């Protein structure tokens, strides 16, 4: 799993394959380590993720709460139709800012306005 | 086409991908479409993760056996384990209110199983252990 590459100062996590009960602990640990270092803005590139289970969704929610507590957020991009369908089933498409590309997700941080923020306000 | 097959694997998370492959092959052989196969794969993944986490309360505590019956229209999956009795009523339903910061995701796996399958039925027998029977009806 690629735990990230610096892109214009913003970290981009790019997990690969299945995010299931086997792989989520490592994914979650990587997110927590990053966020606990005080860097609260994070893009997660789902382009190479084929599946995400409920444990993966819980990890995202936990990481989002941690990021928010530090004044930041998570932004997600390049979700496959299958992964997007899973997000839709539990309403996470309204919770997370979801973008078509890494660049769009990074750009969204400059305004710090997401569809979820707009709806929540 | 009437297809019956079974798979037994150790109760370890590393076998979840093997189970997903087993479901995919069974679904393809039975002629089910990709959407249906994906939905059953996800329901079974959540069910088997729950077996390891809740029934066995850890890895390497016992086996998981899946039986799969496709009659050309409906798809019946049974999952067996010898762990602690599972009571679905003890699992709170998730609170998925999208605008709340304190979304509760306990029971999310069970929620997916009910969303994705047409029938979900748990039973326990002192001798044979837990049985989860799930049915996905073909279109």
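Numbers below:
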quantity	calculated
Average beta carbon contacts from partner chains per residue of B:55-62, 10 Å cutoff	0
Ranked A:70, B:4, criterion: other C-beta atoms within 10 Å, fewest first	B:4, A:70
Residue mean of other protein chain beta carbons inside 10 Å, B:42-49	4
Within 10 Å of each Cβ in A:54-62, the average number of Cβ atoms from other chains	5
Mean separation of Cα contacts under 8 Å (6+ apart) over length of chain B, as relative contact order %	27
Label-point separation, residue A:48 to residue B:33 (7 Å along Cα→Cβ), nm	3.1
Antiparallel content of DSSP bridges confined to region A:2-120, in %, to 5	20
Square roots of 5 times each gyration tensor eigenvalue, C-alpha, the protein assembly as shown, largest first, Å	35, 19, 17
Sum of -39500 (n - 2.57) over DSSP H runs of 4+, divided by residues of chain B (222 nm, nearest 500)	-9500 deg cm²/dmol
Relative contact order for region A:2-120, counting Cα pairs under 8 Å that sit 6 or more residues apart, in percent	24
Reference-scaled alpha-carbon Rg (2.2 N^0.38 Å with N residues) for chain B	1.05
Exposure proxy order (Cβ contacts within 10 Å, fewest to most) of A:45, B:2	B:2, A:45
For region B:38-58 and region A:23-97, distance of Cα centres in Å	21
Antiparallel %, DSSP beta bridges [both residues in the protein assembly as shown], to 5	70
Cβ-Cβ FRET estimate between residue A:80 and residue B:73, R0 fixed at 22 Å, reported to 0.05	0.20
Selected from B:49, B:90, B:123 as most flexible by GNM, with chain B as the system and alpha-carbon contacts under 10 Å	B:90
Region A:22-86: relative contact order as a whole-number percent, Cα under 8 Å and 6+ apart	46
Pair residue A:37, residue B:2: separation of 7 Å Cα→Cβ label points (nm)	6.0
In range of the label at residue A:88: residues from region A:10-47 whose backbone nitrogen is under 15 Å from the point 7 Å along Cα→Cβ	none
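Values in this text are rule-based calculations from the coordinates and carry no lab data. In this text, all values refer to a predicted model and were calculated from it rather than measured experimentally. With ideal geometry, Cβ positions are generated from the backbone for all residues, glycine too; neighbour counts draw on all protein chains shown.
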